[in-house]
Structure formats: C-alpha cells, structure tokens
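Okay, so here's the structure we're looking at.
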Amino acid sequence: MPDPELHADEVLVEVHAAGINLLDSKIRNGEFKLILPYKTPFVLGHDVAGVITKVGTSVKQFKVGDEVYARPADHRIGTFAEFIAIKETDVAIKPKKLSMEEAASIPLVGLTAWQALIEKGDLKKGQKVFIQAGSGGVGTFAIQLAKYLGATVATTTSTANMELVKSLGADVIIDYKKEDFEKILHGCDLVLNSQDGKTLEKSLRVLKPGGKVISISGPPDPDFAEGIGSPWFVKLIMRLLSSGVRKKAKRLNVGFSFLFMKANGGQLKEITSLINAGTIRPVMDRIFPFESIKDAMSYVESGRAKGKVVVKIK
Ligand SMILES: NC(=O)c1ccc[n+]([C@@H]2O[C@H](COP(=O)([O-])OP(=O)(O)OC[C@H]3O[C@@H](n4cnc5c(N)ncnc54)[C@H](OP(=O)(O)O)[C@@H]3O)[C@@H](O)[C@H]2O)c1
C-alpha cells in the first residue's frame, strides 16, 4: 500500500501497536453496512499507539516525534498498517507510564465508557450503575471510570474473572453463569448494556423510575440514525428495530438509548490524565505479532478475552 495521503489538519502516525475490537470483525463480516458503508478494499483497525512522523500544514497541537494514541474517526480507520493519517482533533498524547501496546488498548473502549457514563449517562457520585461484562474490554475500563466518578458499581462476569473485576473496584459481582442479575439488582440509576436483546429487556427492569439503559450492542434508535444523517429508509429500519425496547422502556418509565462511540481527542486527553494519575489502568489479555492478526481477531471473536487484545506492529 502507498503511504496515506496527509491532509492539512492531520498527523501521520507510524503505528507501533493496534488494538483489536469486535467492531473490526463486525465490519469485516458486513454487519455494519447500514451504519458504516465502507467501500472495499480498505484497511481495518480502530485503535492505535505510535509516533508522529509528519504533520499537516494547519496542525497546531502536535509535532514530529510525539508519542500519541487515537481512535481514528469512522471512514478514516486503518490502524492495521504501518502508517495512518489521523485528524489532529482525534489524537491525544499517549499516557507516559504505558507501553505502546498498553496505550493501543485504550482509545475505543475508553471513549465508549466515557461517552456512555459521562456524556450520555451523566453518572453522579452516589448513584448505582450496572456495567455488564466487567471483564471485557469496555467493562474493565468502565468499572474503573464509574468508581472514579463515585458510583456504586455492579457487574456480571464468570467465576474465573471475579477477582479481576473486584480488583478494578466492582462493589457487587454477579456470576452470570450461576445467578440471574435481575433477581439481585434493583433501583439502578444507569445500566451500560453490552449483551443480547434478552439481557437488554431484563436491564430495563433493574432500573429505578427515571433511570436509563445505554446500550452499546444495539438496537440502534432513531436519534442515532438522525445523528449520522442516515437516508430515510435506514431511519425507518432503526425506528422499527428499536420500537419494541423503546415501548417497554416507556411503560416502565425508564430511558433507553443506543450509543455508537465517536472519535474524540479532547476526551482522550482527559483519559490520559486519569491514567497518568494512576486512577485507571489498562487490562491486557494478550499481545499478538502482526503476522498473527487473524488469530488475534479470532481470539476476540471467541468472546472470552479478559481485557484487551493488541497487535504489535513495530
Ligand atoms: N456501540 C459502541 O460504540 C461499542 C463500543 C465498544 C464495544 N461495543 C460492543 O460492546 C460489546 C462488548 O465489547 P467488548 O469489547 O467489551 O467485548 P469483549 O472484550 O470481547 O468481551 C469479552 C468479555 O465478555 C464477557 N462476557 C461474555 N458473555 C457475557 C455475559 N453473558 N455476561 C457477562 N459477561 C460476559 C467475557 O467474560 P467471561 O469469559 O467471564 O464470560 C469476556 O471477558 C460488543 O458487542 C462490542 O461490539 C460497542
């Protein structure tokens, strides 16, 4: 592949490590065609840590040699490569203490947790939040962020990962293979839903009136369709896909919304500060060499990853 073309507001990053996300597999499998209509051929990869080797003419915040990390914007992805051009507004300086591999594990899940708990969820000190799959990429970050915000955190995981989620600060730990969270949790202010439709429905019932579920695993809702400027038929499909859960939420007097995280260098900068302060740490499962990227993706697709999976490129 030729080196990426650099626009005036972009930095060219030499990729040292790239994080793997389920989104990469879902896009590869064609599951995201309605939301992200990529034209093949294109390069996958949504997380990067590396070094800036060139800056565009209007770039102000970064210089050549800066060690950075990012979740490049949709339609500008492609971190499974040696170089990537990224808008400077999507980039942040990498946390000092972290290796390149650790840094590459953070952006997409960190921003997802930030946008779910802070931006959309407005989670406050003393509130009760239920974060599903506490041992996953999003869960391991979200538990730590919710604790930082002063919330009481409930989470689900299997027996083998109970110690891990406890070490991250989870207050109520439910073994989803042995217990039903709906029988244990009541009066939650917020649920971060990342599992299937059945789990989503049950989640509505653990909320207090006025509480809300933010789902990152679907179904997409009309606000989301509007936000990404979908054509009318996609808006209609998303309205229909989410109509059942929206009706159920309304009946229970709780809120439902879908979140699809966005690139955001400003929020990533705040995440850098939390990591530098030791408030949040990365949870790494495995690092694969670039040649084994297919194995790395299969491993993530198995649904058993404990924290993040990263590919070392340089
Ligand atoms: N909309 C967005 O912006 C957005 C952003 C990020 C992720 N997502 C989506 O959110 C979901 C989670 O992403 P992720 O990266 O965190 O996934 P992940 O890291 O692959 O999740 C793996 C973890 O999930 C746990 N798990 C599996 N089934 C579970 C269940 N029924 N209950 C509780 N825990 C369970 C596993 O623990 P055990 O081994 O103990 O079972 C494992 O540790 C995916 O569908 C992803 O595509 C969406």
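Quick note: the coordinates plus some simple rules give every number you see, no bench work behind them. Every value quoted in this text rests on a predicted model; they were computed, and no experiment measured them. Note that we place each Cβ from the backbone using ideal geometry, even for glycine, and neighbour counts take in every protein chain shown.
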Taking 273, 135, 105 and counting other C-beta atoms within 10 Å, the order from fewest to most: 273, 135, 105
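Ignoring everything except DSSP H segments at least 4 long, calculate the 222 nm mean residue ellipticity for the chain; use -39,500 (n - 2.57) per segment, divide by total residues, nearest 500.
Counting only the DSSP helices, I get -8500 deg cm²/dmol.
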The chain: antiparallel DSSP beta bridges as a percent of all, rounded to 5: 45
Span-rule helices in the chain, defined as complete DSSP H runs reaching 20 Å or more along the axis (Cα) with Kyte mean at least -0.5: 232-251
Sparsely packed GluC sites (Glu not before Pro) within segment 1-61, loop by DSSP, other Cβ within 10 Å at most 16: 5, 31
Net lengthening on full extension, residue 36/residue 276 (0.36 nm per residue, minus Cα-Cα): 83.0 nm
